[in-house]
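The values are calculated or read from the model by the stated rules, or taken from the named source; none is laboratory data. Predicted, not measured: the structure shown is a model, and the values here were computed from it. Cβ placement follows ideal geometry from the backbone for every residue including glycine, while neighbour counts extend to all protein chains displayed.
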Amino acid sequence: MQRTREDSCYVPADVDATRFIGADGLPTLHLISYRDTGGEKVLRLCEDATGLLVGPSHRRLAHAGIYMSQLRGEAYHEQACKSGDFQPGTLVKLVREPDNAYDPNAVAVYDKTGRHLAAYLNKQKARMVAKLLDTGVDLRAISIRGTGPNQPCTQIAILTAEPRILARLTEPRPNHLPAPARP
């Protein structure tokens, strides 16, 4: 299979399990502001050493303690999605729902006030994140795709990690690093 120009902007899937972890135990990644193909502002992970983008489903992210999830069920919570603040970079609140009738691993995502339920983590990510939350791991989450209050919002994605990892990802990317790749 031939790689496209867009594919060449991403870290390949077949990388070493520790590629995203630095000597200090923290990720060698930073979030960057990015305009997707539709012109929407989103946050994307960028590898420090190469400037390559890291896809949200990259299998090595969990090894680095990073969980990215496209939310499911926004259509059922349309008014809450519109009312809450889910713009990229904004903290969101994770709420475990072990008694959820549809999924015992359910993790609901609210705006930072806890008043506006946006939707739920997809089942695969919910299983991983629920296990961590249930064992007492302190996790924080931010929106990486979404809109601000009083704006239509049809798609929300979040990034979840321990506070120290999230702090690393959200700090400004040092200027001496290679420029982020662009498709």
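Miscellaneous remarks
- Single residue of PRO178, PRO172 found to be at pLDDT below 90 and not hydrophobic (A, V, I, L, M, F, W, C): PRO178
- Selected residue (only one of GLU47, GLU74, GLU6 is at pLDDT 95 or above and surrounded by 12 or more Cβ atoms within 10 Å (Cβ to Cβ)): GLU47
- Segment 132-171, subset farther than 16 Å from LEU61 by Cα, under 10 Å from the mean Cα position of the chain (by Cα) and not aliphatic (A, V, I, L, M), residue surrounded by the most Cβ atoms within 10 Å (Cβ to Cβ): SER143
- Options GLY39, GLY65, GLY55, GLY25: the member that is on the phi > 0 side of the Ramachandran plot and touching a residue at least 12 places away in the same chain (Cβ under 8 Å): GLY65
- Selection within segment 101-140 - in a loop (DSSP other than H, G, I, E, B), touching a strand residue (DSSP E or B) at 6+ places or on another chain (Cβ under 8 Å) and farther than 24 Å from THR170 by Cβ: ASP103, ALA106
- Among all residues of segment 89-99, there is none that is of a type outside the set (A, V, I, L, M) and buried (at least 22 other Cβ atoms within 10 Å of the Cβ).
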